[in-house]
Amino acid sequence: MKIFIVGCGRILQKHLDSIKILNKKLSIVGISDLKKDKLKIIAKKLNTKMYMDYKEGIMETNPDIVSILTPSGDHAKNIIDILRLKKDVIVEKPMCLKIKDGIKIVKLAKKNKKRVFVVMQNKFNLPVMKLRQDINKLKFGRIFHASVVVRWRRDQNYYNNDSWRGTWKYDGGVISNQASHHLDLLISIMGFPLSIFAKSFKHLANIECEDTALIIFKFKKNKSAIMEATTAMRPKNIEGSLSILGSKGSAKIGGFALNKIDFYNLPNNKVDIYKFQTNPKNVYGFGHVKFYEHVLYSLKNKKSSEFDANNALKTVEVINAIYKSIEMKKEINLKQNIISKKLGK
């Protein structure tokens with residue numbers, strides 16, 4: 001399949017590495033960015049065509065898939081433009097920042113019979129896949145509580161490198177950016193929350209948005225969860241983890257980015273978890289290869305995907321509810337049927 005890339009930001013190399021590994025299945029036909037000098041260097045290195053206007057590039061190269069790697073606040077416009085050109089889309093998280101944009105994306109994708117896949121590569125981490133598999137097999141019994149901890153370092157240089165980082169218009173803070181992976185995984189395990197209560201803080205970063213957040217979730221069947229997320233960890237990253245408590249056992253998937261099993265307690269557990277203990281050395285790029293393989297398989301075989309826009313919209317809705325709770329300083333109840341009604345389901 002032919003692929004066109006929009007955006008040459010920080011995450012680009014992970015996509016290029018994945019496409020290179022899958023070179024028998026994928027080939028880059030063009031690349032676009034607003035920074036011409038940077039674009040020239042990358043296009044020359046890739047030996048591919050460069051475009052300042054991605055719509056012009058897509059129409060000229062006629063790719064099968066377009067990968068969007070632009071600032072978060074541009075995602076909605078980029079996706080809508082590309083869906084109107086009737087191309088399948090891969091987009092880095094988050095799919096969009098506003099619920100109304102997400103609804104528009106889902107409707108347009110359905111109308112034009114095209115797919116939008118949102119990159120949540122940590123779901124392909126070996127420890128995460130093992131945990132979800134055993135939860136589905138009810139090995140942990142009834143899951144009643146979960147805990148997410150994100151303690152990462154993003155210093156002022158990180159935010160200063162790109163003017164859009166940490167802004168309300170183009171990014172958001174730790175909730176919508178760094179911790180969205182963990183939030184998405186939490187929802188996939190615990191279900192859609194009934195209510196959310198959150199507080200946020202700006203401890204160290206000179207940005208518009210939060211660098212730290214504390215969130216309490218309530219789910220159906222009296223399930224609960226708590227989340228602590230910060231980019232104010234110094235002097236280095238510590239962990240990005242998810243713990244689950246069940247009536248028969250408990251587990252914690254930790255490491256830097258949900259890539260190691262910290263503990264895995266099951267009664268009379270005879271399963272050898274060693275092979276699931278940790279990801280390969282390049283954990284940060286490991287999931288992107290698996291994600292691209294999944295997208296290609298889903299498109300070729302016309303299979304549904306948990307990375308589709310419909311599911312990504314749920315995460316966007318939860319993120320918006322968290323920010324609403326922070327702003328209003330109260331617990332927010334989520335009505336699960338509102339989005340479905342707006343989508344005409």
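The values are calculated or read from the model by the stated rules, or taken from the named source; none is laboratory data. Keep in mind the model is a prediction, meaning the values are calculated, not measured. In this analysis, Cβ positions are derived from the backbone assuming ideal geometry, glycine residues included, and neighbour counts consider all displayed protein chains.
Listing for the model above:
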{"item": "Hits in the range 180-208 - residues which are in contact (Cβ under 8 Å) with a residue 60 or more places away in the chain and among the hydrophobic types (A, V, I, L, M, F, W, C)", "result": "183, 185, 187, 192, 194, 196, 197, 198"}
{"item": "Subset of the range 156-176 (residues that are surrounded by 18 or more Cβ atoms within 10 Å (Cβ to Cβ) and more than 19 Å from residue 8 (Cα to Cα))", "result": "167, 172, 173, 174, 175, 176"}
{"item": "Odd one out for residue 103, checked against (1) in the same structural domain as residue 225 (by TED's automatic domain parsing); (2) closer than 26 Å to residue 219 by Cα", "result": "(1)"}
{"item": "Any strands (runs of 3 or more DSSP E) falling wholly within the range 213-277 and containing at least 2 residues that are of a type outside the set (Val, Ile, Thr), modelled with pLDDT under 95 and crowded, with 18+ Cβ neighbours inside 10 Å", "result": "260-265"}
{"item": "Enumeration of residues in the range 197-212 that are part of a strand (DSSP E or B) and either surrounded by fewer than 16 Cβ atoms within 10 Å (Cβ to Cβ) or among the small types (Gly, Ala, Ser) (or both)", "result": "198, 199, 200, 201"}
{"item": "Scan of the range 334-345 for residues that are surrounded by fewer than 11 Cβ atoms within 10 Å (Cβ to Cβ) and at pLDDT 65 or above, ordered by number", "result": "335"}
{"item": "Subset of the range 27-47 (residues that are within 17 Å of residue 292 (Cβ to Cβ) and surrounded by fewer than 21 Cβ atoms within 10 Å (Cβ to Cβ))", "result": "27, 29, 46"}
{"item": "Members of the range 50-73 found to be charged (D, E, K, R) and either surrounded by 21 or more Cβ atoms within 10 Å (Cβ to Cβ) or without any contact (Cβ under 8 Å) to a residue 40 or more places away in the chain (or both), listed by number", "result": "53, 55, 56, 60"}
{"item": "Candidate set: the range 49-78, residues that are outside any helix (DSSP H, G or I) and hydroxyl-bearing (Ser, Thr, Tyr); chosen: the one nearest to residue 318 (Cα to Cα)", "result": "70"}
{"item": "Residue match in the range 147-155 (condition: aromatic (Phe, Trp, Tyr), closer than 21 Å to residue 193 by Cβ and outside the structural domain of residue 11 (by TED's automatic domain parsing))", "result": "no"}
{"item": "Given (1) in contact with a Gly (Cβ under 7 Å, 6 or more places away or on another chain); (2) farther than 24 Å from residue 288 by Cβ, number of the condition residue 108 does not satisfy", "result": "(1)"}
{"item": "Answer residue from the range 79-98, given it is more than 16 Å from the chain's Cα centre (by Cα) and part of a helix (DSSP H, G or I) and is farthest from residue 174 (Cα to Cα) among those", "result": "84"}
{"item": "Sole residue being touching a helix residue (DSSP H, G or I) at 6+ places or on another chain (Cβ under 7 Å), within 27 Å of residue 235 (Cα to Cα) and either in the same structural domain as residue 223 (by TED's automatic domain parsing) or part of a loop (DSSP other than H, G, I, E, B) (or both), chosen from 158, 170", "result": "170"}
